[in-house]
1. Would you confirm whether or not the stretch A:67-77 contains a residue that is facing chain B (nearest Cβ under 7 Å), under 30 Å from A:E13 (Cα atoms), within 13 Å of DNA strand C (Cβ to nearest atom) and buried (at least 19 other Cβ atoms within 10 Å of the Cβ)?
2. Find all pairs meeting these conditions: Cβ atoms under 6 angstrom apart; at least six residues apart or on different chains; first residue within the stretch A:111-127 and at the interface with chain B (Cβ under 7 Å from one of its Cβ atoms) and more than 13 Å from A:L63 (Cα to Cα); second residue assigned to a helix (DSSP H, G or I) and hydrophobic (A, V, I, L, M, F, W, C).
3. How many residues are in a loop (DSSP other than H, G, I, E, B) and either within 15 Å of the chain's Cα centre (by Cα) or within 10 Å of DNA strand C (Cβ to nearest atom) (or both) if we restrict to the stretch A:46-60?
4. Restricting attention to the stretch A:21-30, does a residue exist that is farther than 24 Å from A:G118 by Cβ, within 12 Å of another protein chain (Cβ to nearest Cβ) and among the hydroxyl-bearing types (S, T, Y)?
5. Take the conditions within 18 Å of B:P78 (Cβ to Cβ), part of a helix (DSSP H, G or I) and charged (D, E, K, R) and apply them to A:E110. Does it pass?
6. Check whether at least one residue in the stretch A:88-95 is within 11 Å of another protein chain (Cβ to nearest Cβ), within 12 Å of DNA strand D (Cβ to nearest atom) and either modelled with pLDDT under 95 or within 30 Å of B:L122 (Cα to Cα) (or both), and report yes or no.
7. With (1) outside the structural domain of A:V18 (by TED's automatic domain parsing); (2) outside any helix (DSSP H, G or I) as the list, and A:V94 as the residue in question, which single condition is left unmet?
8. When you go through (1) modelled with pLDDT of 95 or more; (2) facing another protein chain (nearest Cβ under 7 Å); (3) open to solvent by 10 Å² or more (accessible area, probe 1.4 Å) one by one for B:A82, which number turns out not to apply?
Number of protein chains: 2
Amino acid sequence: MSGVLHVLLHMAEVDGPVTSETLARMMQTNPVVIRRVMAGLKAAGTVRSDKGHGGGWTLARDLASLTLLDIYHGIGSPPLFAIGNRREAPECAVEQAVNEALDASLDEAEALLLASFGTVTLATLSQNFHRRLAERRAATSSGDRHDH
Amino acid sequence: MSGVLHVLLHMAEVDGPVTSETLARMMQTNPVVIRRVMAGLKAAGTVRSDKGHGGGWTLARDLASLTLLDIYHGIGSPPLFAIGNRREAPECAVEQAVNEALDASLDEAEALLLASFGTVTLATLSQNFHRRLAERRAATSSGDRHDH
DNA sequence: TCTCATGTAACTTTCAATGTTACGAACTAG
DNA sequence: CTAGTTCGTAACATTGAAAGTTACATGAGA
């Protein structure tokens with residue numbers, strides 16, 4: 001998730017297609033790993049890929065029309081929580097009572113989280129990125145006089 | 001988490017102390033694993049342990065005074081989410097923007113989840129467990145005539 | 001004193017995530 | 001049409017964290 005967002009924002013900074021090779025160097029990983037996660041996004045219509053000379057990955061939709069929720073589903077909607085339910089011995093009544101209680105809380109939190117994802121666009125992330133860049137430039141050009 | 005709750009509810013069904021050996025068989029695991037997770041709960045005052053003959057684990061507090069939140073903290077407050085933030089290259093402005101956005105959503109969901117945990121007592125879980133037992137008994141003694 | 005039980009360090013095993021290699025398919029430039 | 005690029009994907013290797021295991025020390029009761 002975090003890595004994919006990183007990649008997409010970097011792609012938005014370049015106008016032409018970007019190869020898996022280049023993206024892999026940015027993320028300090030392997031081109032095949034990039035292709036794996038991009039596969040889902042491609043199927044979802046978020047990005048497109050082109051082969052051969054001048055090929056690579058391109059954003060297929062506007063940043064403003066993409067939310068964190070789109071990306072989450074694009075990468076296959078993986079489990080959100082680290083503390084899952086035991087699925088062993090589900091016939092045990094104790095197990096069922098425990099799972100019922102945990103599920104109630106987890107489902108509620110999951111609904112909120114996904115709703116929250118739905119309100120954040122990649123355009124917002126990009127804007128925050130550029131704001132940080134500007135602040136950083138201002139800080140260094142003024143000789144780091146502020147703060148500590 | 002799920003496993004610990006299972007253990008605690010089983011302990012509540014017995015009046016005397018229960019050994020790690022017995023609990024391990026219930027959970028289909030190893031006694032040492034039981035002692036490991038119980039260590040935190042003991043430090044938190046949730047359970048006590050006694051050595052020697054007739055020893056084992058005992059609930060030190062009433063089920064009604066224990067919430068899921070207490071148990072969560074008792075086992076060391078492990079990470080709740082499976083989709084963490086990248087901590088590599090945190091100086092990259094893109095990374096910072098991504099982490100900022102994800103943290104905002106995750107923190108909000110975490111707060112809700114923990115609050116939700118705080119409202120559920122183990123007494124409630126135990127009641128649900130006994131309700132299930134009663135329903136199951138009723139269903140089998142009536143010959144499974146209802147539903148399918 | 002002998003047995004039972006926890007406490008804990010050290011080691012091993014397991015398993016899923018990630019990384020890697022290899023090769024086929026599709027595309028472009030010349 | 002040929003050569004060079006790039007994605008697509010299967011198969012295998014590596015890694016790291018969680019769980020399991022062994023071993024032994026400590027404390028408590030019969």
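1. Looking through the stretch A:67-77, none of the residues is facing chain B (nearest Cβ under 7 Å), under 30 Å from A:E13 (Cα atoms), within 13 Å of DNA strand C (Cβ to nearest atom) and buried (at least 19 other Cβ atoms within 10 Å of the Cβ).
2. A:L112/B:A109; A:L112/B:L112; A:L113/B:A109; A:F117/A:L68; A:F117/A:L69
3. The initial filter retains those residues of the stretch A:46-60 that are in a loop (DSSP other than H, G, I, E, B), namely A:46, A:51-55, A:60.
Checking which are either within 15 Å of the chain's Cα centre (by Cα) or within 10 Å of DNA strand C (Cβ to nearest atom) (or both) leaves us with A:46, A:51-55.
Summing the residues that are in a loop (DSSP other than H, G, I, E, B) and either within 15 Å of the chain's Cα centre (by Cα) or within 10 Å of DNA strand C (Cβ to nearest atom) (or both) in the stretch A:46-60 gives 6.
4. Within the stretch A:21-30 (the criterion being farther than 24 Å from A:G118 by Cβ, within 12 Å of another protein chain (Cβ to nearest Cβ) and among the hydroxyl-bearing types (S, T, Y)), the answer is yes, since at least one residue qualifies.
5. Values: within 18 Å of B:P78 (Cβ to Cβ): yes; part of a helix (DSSP H, G or I): yes; charged (D, E, K, R): yes.
For A:E110, the condition - within 18 Å of B:P78 (Cβ to Cβ), part of a helix (DSSP H, G or I) and charged (D, E, K, R) - is met.
6. There is at least one residue in the stretch A:88-95 that is within 11 Å of another protein chain (Cβ to nearest Cβ), within 12 Å of DNA strand D (Cβ to nearest atom) and either modelled with pLDDT under 95 or within 30 Å of B:L122 (Cα to Cα) (or both).
7. (2)
8. Tallying (1) modelled with pLDDT of 95 or more; (2) facing another protein chain (nearest Cβ under 7 Å); (3) open to solvent by 10 Å² or more (accessible area, probe 1.4 Å), B:A82 fails exactly one: (1).
The values are calculated or read from the model by the stated rules, or taken from the named source; none is laboratory data. Fair warning: this is a prediction, and the values are worked out from it, not measured in the lab. In this analysis, Cβ positions are derived from the backbone assuming ideal geometry, glycine residues included, and neighbour counts consider all displayed protein chains. All accessible areas refer to the heavy atoms of the entire protein, side chains included, with ligands and DNA or RNA removed. Shrake-Rupley method; radii C 1.70, N 1.55, O 1.52, S 1.80 Å.
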